[in-house]
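A.B. asks: Sharing a structure here in structure tokens format.
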Amino acid sequence: MRSSSRQLDVAIVGSGPAGLSAALSLKQAGLEVAVVSRDWPQSWSAADGYDLRVVALAPDAVALLSHLQVWDTILQARAQPVLGMCIEEADSATRLCFDAAESGEPALAWIVELGLLADKLARAWVERGGVVHDGAAVSELAAGEDHAVLHLDNGDRVRAKLVVAADGAGSPLRVAAGIGVEQRDYQQRAIVAAVTTAQPHQQLARQRFLPGGPLAFLPLVDGRSSIVWSTASAHAEQLLGLDDAGFCRALGSVSSGMLGEILASSPRAAFPLHMQLARRYQAPRLLLLGDAAHQVHPLAGQGLNLGLRDVRRLTEVLSWAALGELDLGASAVLRRYERPQRSENWLAAHAFDGLERWFAINEGPLAQIRRGGFEWIANSPLAKHWLLRRATG
Ligand SMILES: Cc1cc2nc3c(=O)[nH]c(=O)nc-3n(C[C@H](O)[C@H](O)[C@H](O)COP(=O)(O)OP(=O)(O)OC[C@H]3O[C@@H](n4cnc5c(N)ncnc54)[C@H](O)[C@@H]3O)c2cc1C
């Protein structure tokens with residue numbers, strides 16, 4: 001059994017993109033930090049082909065990664081700017097389009113492979129001398145008067161003033177702390193794949209709201225598009241069972257020629273979709289961050305962007321507390337993070353949930369109102385500007 005006698009400022013549990021960004025950001029702010037990682041990110045290589053999981057990173061997420069000095073290495077490896085975005089409904093000819101030029105940003109978002117992002121964050125952490133307890137999961141968290149002790153299943157002990165749970169949507173730390181969640185099971189799965197299309201994507205992202213759920217095409221550097229097709233679980237099962245040619249035909253028939261014929265598809269993967277919001281973000285000497293605190297429908301491509309906004313706020317709050325020599329794990333300090341983040345994430349999650357419900361109305365007078373509302377937004381510069389500001393952070 002190894003016990004670390006050194007007391008850290010912060011122990012971060014979870015080496016996903018949110019946990020590693022938090023570790024880098026807090027270390028950069030001068031705090032003593034260690035990461036507890038069950039599965040350290042695998043090394044990424046362009047030669048291994050595209051990671052099926054990609055994320056659209058908003059400009060404020062890119063600004064954080066630049067500040068952490070990892071963005072340039074990501075950009076050099078592979079990242080696709082999104083210069084415009086169009087949204088349409090299956091049952092109307094109206095299109096809601098945004099242009100990067102309107103946002104004052106070089107791109108509305110950047111499409112980055114999740115494996116690439118995690119690898120670059122992990123490398124930066126190690127290169128900067130960051131401490132890692134690798135291959136270890138937490139078996140117990142003992143919160144004391146002035147510090148917490150993490151008991152790891154490899155026998156290690158980690159002492160810190162504050163433990164940050166960045167251990168994903170299933171967050172064992174959140175569950176052990178008895179923090180409940182508000183949850184909605186969408187009974188949908190998101191199918192992801194990289195597809196070759198007859199027409200070029202022109203660096204535009206496209207989203208089509210189908211009766212069963214949204215279908216997104218995100219541009220990739222190699223000219224293909226990454227799709228995220230959210231659909232009822234039983235339908236997703238059928239789609240996963242098709243051979244590549246059958247899948248391309250099925251995709252082509254619902255994408256309404258957005259990018260012409262679907263010529264080829266990579267293997268596919270699917271993810272069950274939930275909205276899940278923690279009812280509290282803190283327990284004694286414990287704080288939730290990223291998907292451990294909030295999981296949202298991917299229709300707006302915002303899940304990790306919200307997690308990176310948590311990172312920014314946490315860094316501000318803990319830097320302020322350290323400057324004032326306050327206890328970093330004190331509940332009053334943690335509230336300065338919890339209050340704004342919980343309300344912002346709650347609002348965002350319910351906005352995406354509302355959109356999902358709204359676009360699922362396919363018949364009757366409400367469907368007419370929906371079409372009218374969509375048309376109004378598409379033709380209203382003010383409404384479009386507001387939406388653009390929200391999406392780009
Ligand atoms: C189909 C789909 C599309 C998406 N598209 C986008 C998008 O375009 N833009 C966007 O911003 N977001 C998107 N998201 C959301 C995004 O993928 C997630 O929000 C993000 O990956 C969550 O990161 P995280 O670090 O919080 O959690 P995770 O990536 O889940 O990391 C959690 C980490 O904790 C570790 N862990 C778990 N338990 C323990 C333990 N007991 N001890 C130690 N470690 C532990 C895990 O091994 C893992 O490394 C999408 C999601 C889906 C499903």
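A.B. asks: Restricting the range 33-48 to residues that are in contact (Cβ under 8 Å) with a residue 24 or more places away in the chain and closer than 30 Å to VAL195 by Cα, which is nearest to the chain's Cα centre (by Cα)?
C.D. replies: PRO41
A.B. asks: For the subset of the range 134-181 comprising residues that are among the aliphatic types (A, V, I, L, M) and assigned to a loop (DSSP other than H, G, I, E, B), which member is nearest to the ligand (Cβ to nearest atom)? Step through it out loud before you land on a result.
C.D. replies: Residues of the range 134-181 among the aliphatic types (A, V, I, L, M): 136-138, 141-143, 148-150, 152, 158, 160, 162-166, 169, 173, 175-177, 179, 181.
With the extra rule that they be assigned to a loop (DSSP other than H, G, I, E, B), the set shrinks to 136-137, 166, 169, 177, 179.
On the way: ALA136: 7, ALA137: 4, ALA166: 5, ALA169: 6, ALA177: 13, ILE179: 15 Å.
So, considering only residues that are among the aliphatic types (A, V, I, L, M) and assigned to a loop (DSSP other than H, G, I, E, B), the one nearest to the ligand (Cβ to nearest atom) is ALA137.
A.B. asks: Within the range 269-315, track down each residue that is within 11 Å of the ligand (Cβ to nearest atom), farther than 27 Å from ALA232 by Cβ, of a type in the set (D, E, K, R) and in contact with a strand residue (DSSP E or B) (Cβ under 9 Å, 6 or more places away or on another chain).
C.D. replies: Hit for the range 269-315 is ASP310, nothing else.
A.B. asks: The conditions are (1) within 15 Å of the ligand (Cβ to nearest atom); (2) touching a residue at least 24 places away in the same chain (Cβ under 8 Å); (3) not polar (S, T, N, Q), and ALA63 fails exactly one of them. Which is it?
C.D. replies: (2) is the only condition that ALA63 fails.
To keep it simple, each residue is scored yes or no on (1) out of contact with any Lys or Arg (no Cβ under 8 Å at 6 or more places or on another chain); (2) β-branched (Val, Ile, Thr).
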{"site": "ASP185", "(1), (2)": "yes, no"}
{"site": "GLN188", "(1), (2)": "yes, no"}
{"site": "VAL195", "(1), (2)": "no, yes"}
{"site": "ILE227", "(1), (2)": "yes, yes"}
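A.B. asks: Now for a separate question. Looking for something at pLDDT 95 or above, in contact with a strand residue (DSSP E or B) (Cβ under 9 Å, 6 or more places away or on another chain) and either surrounded by fewer than 19 Cβ atoms within 10 Å (Cβ to Cβ) or acidic (Asp, Glu) (or both) - is there at least one such residue anywhere in the range 12-20?
C.D. replies: No, the conditions are met nowhere in the range 12-20.
A.B. asks: Next question, about the same structure. Quick check on the range 97-112. Is at least one of its residues assigned to a helix (DSSP H, G or I), of a type in the set (A, V, I, L, M, F, W, C) and under 20 Å from GLN203 (Cα atoms)?
C.D. replies: Yes, that holds for at least one residue.
A.B. asks: Would you mind telling me which numbered condition in (1) within 12 Å of the ligand (Cβ to nearest atom); (2) modelled with pLDDT of 95 or more ASP185 fails?
C.D. replies: With respect to (1) within 12 Å of the ligand (Cβ to nearest atom); (2) modelled with pLDDT of 95 or more, ASP185 is out only on (1).
The values are calculated or read from the model by the stated rules, or taken from the named source; none is laboratory data. No experiment lies behind these values; they were computed from the predicted model shown. Quick reminder, even Gly has a Cβ in these numbers, built from the backbone with ideal geometry, and neighbours come from all protein chains shown.
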